[in-house]
Amino acid sequence: MRARLTDVPDIACLFTESFMDSVLHHCGGRLPNPQAMQDVFTLVYQAEPAAALLAKEQTGQVLGYCFAPVGLRQLWWQALTGGHLIKWAWRWLTGQYGFGLSPVKIIILNKLAFLRSATTPGKTANARILSIAVAPAARGRGIASALMTEADKYFKDNKVQRVRLEVRPDNQPAIRVYKKLGYYPGGTTYDSQGPWLIMFKEIS
């Protein structure tokens with residue numbers, strides 16, 4: 001199913017739970033206020049709402065999500081023209097995010113490293129699996145595969161030719177899922193936490 005804007009707080013919470021080490025690393029060793037992650041995912045959602053896929057229990061509990069944009073230009077454009085950067089700066093300066101200057105430097109440098117990698121010849125792609133996570137209690141039920149299969153349909157509908165994702169090399173369970181779905185290794189990129197394995201899939 002497609003996510004709604006009202007799902008963003010739950011998605012942000014699941015991201016923080018699933019990638020706790022990375023969040024702590026980027027935010028100076030402590031968790032940011034929930035508003036910080038919610039603001040990031042609000043931007044990602046508003047840039048391309050149709051790319052926000054969700055798995056839910058009948059009770060409404062979010063079991064997993066996948067953001068699968070067909071292009072990142074909309075994301076940068078939304079950040080620049082939608083008032084997000086100004087809002088983020090104001091909330092950071094007024095202490096609403098709960099972290100100081102050092103995390104901001106780390107985040108900016110890491111984003112620049114990913115941007116360079118994404119524009120390197122041979123490592124470009126039409127679309128991305130920008131972020132995907134499944135709640136710990138729901139893993140092993142095929143939710144990630146179902147979300148990515150739905151993403152494939154979205155890519156085909158939008159005539160995408162090639163998809164890229166990044167995954168930590170030690171995340172073997174995720175890598176096995178991606179390989180099963182047709183993704184193949186295509187290089188390495190790095191951020192302040194270490195290497196990322198780049199994987200691609202050709203969409204027929």
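The values are calculated or read from the model by the stated rules, or taken from the named source; none is laboratory data. Quick caveat, the model's predicted, so the values are computed rather than measured. With ideal geometry, Cβ positions are generated from the backbone for all residues, glycine too; neighbour counts draw on all protein chains shown.
For the subset of the stretch 170-201 comprising residues that are among the hydroxyl-bearing types (Ser, Thr, Tyr) and not in a strand (DSSP E or B), which member is surrounded by the fewest Cβ atoms within 10 Å (Cβ to Cβ)?
The residue in question is Ser192.
Please determine, by comparing only the residues of the stretch 63-94 that are more than 29 Å from Arg162 (Cβ to Cβ) and buried (at least 18 other Cβ atoms within 10 Å of the Cβ), which one is nearest to the chain's Cα centre (by Cα).
The qualifying residue nearest to the chain's Cα centre (by Cα) is Trp88.
Counting residues that are over 29 Å from Asp170 (Cα atoms) and modelled with pLDDT of 90 or more, which helices (runs of 4 or more DSSP H) fully inside the stretch 19-128 reach at least 3?
34-47, 84-93
How about the stretch 30-56: which of its residues are of a type in the set (Val, Ile, Thr) and in contact with a strand residue (DSSP E or B) (Cβ under 6 Å, 6 or more places away or on another chain)?
Val44
How many residues does the stretch 18-54 contain that are touching a Pro at 6+ places or on another chain (Cβ under 7 Å) and touching a residue at least 40 places away in the same chain (Cβ under 8 Å)?
The number of residues fulfilling the criteria is 4.
Among Ser145, Ser204, which is assigned to a helix (DSSP H, G or I) and of a type in the set (Ser, Thr, Tyr)?
Ser145
Determine if the stretch 74-92 includes at least one residue that is under 30 Å from Ile143 (Cα atoms), of a type outside the set (Ser, Thr, Tyr) and touching a residue at least 60 places away in the same chain (Cβ under 8 Å).
The answer is no, given that none of the residues of the stretch 74-92 is under 30 Å from Ile143 (Cα atoms), of a type outside the set (Ser, Thr, Tyr) and touching a residue at least 60 places away in the same chain (Cβ under 8 Å).
Any idea which residue in the stretch 154-169 is surrounded by the fewest Cβ atoms within 10 Å (Cβ to Cβ), counting only those that are within 9 Å of Ala125 (Cα to Cα) and under 17 Å from the mean Cα position of the chain (by Cα)?
Arg164
Tell me which of these Glu150 doesn't satisfy, since it passes every other one: (1) assigned to a loop (DSSP other than H, G, I, E, B); (2) modelled with pLDDT of 95 or more.
Evaluating Glu150 over (1) assigned to a loop (DSSP other than H, G, I, E, B); (2) modelled with pLDDT of 95 or more leaves (1) as the failure.
Show the residue pairs meeting these rules: Cβ distance below 8 Å; 6+ apart or different chains; first residue within the stretch 183-201 and touching a residue at least 60 places away in the same chain (Cβ under 8 Å) and more than 16 Å from Gln161 (Cβ to Cβ); second residue part of a strand (DSSP E or B) and of a type in the set (Ser, Thr, Tyr).
Pairs found: Ile198/Thr188; Ile198/Thr189.
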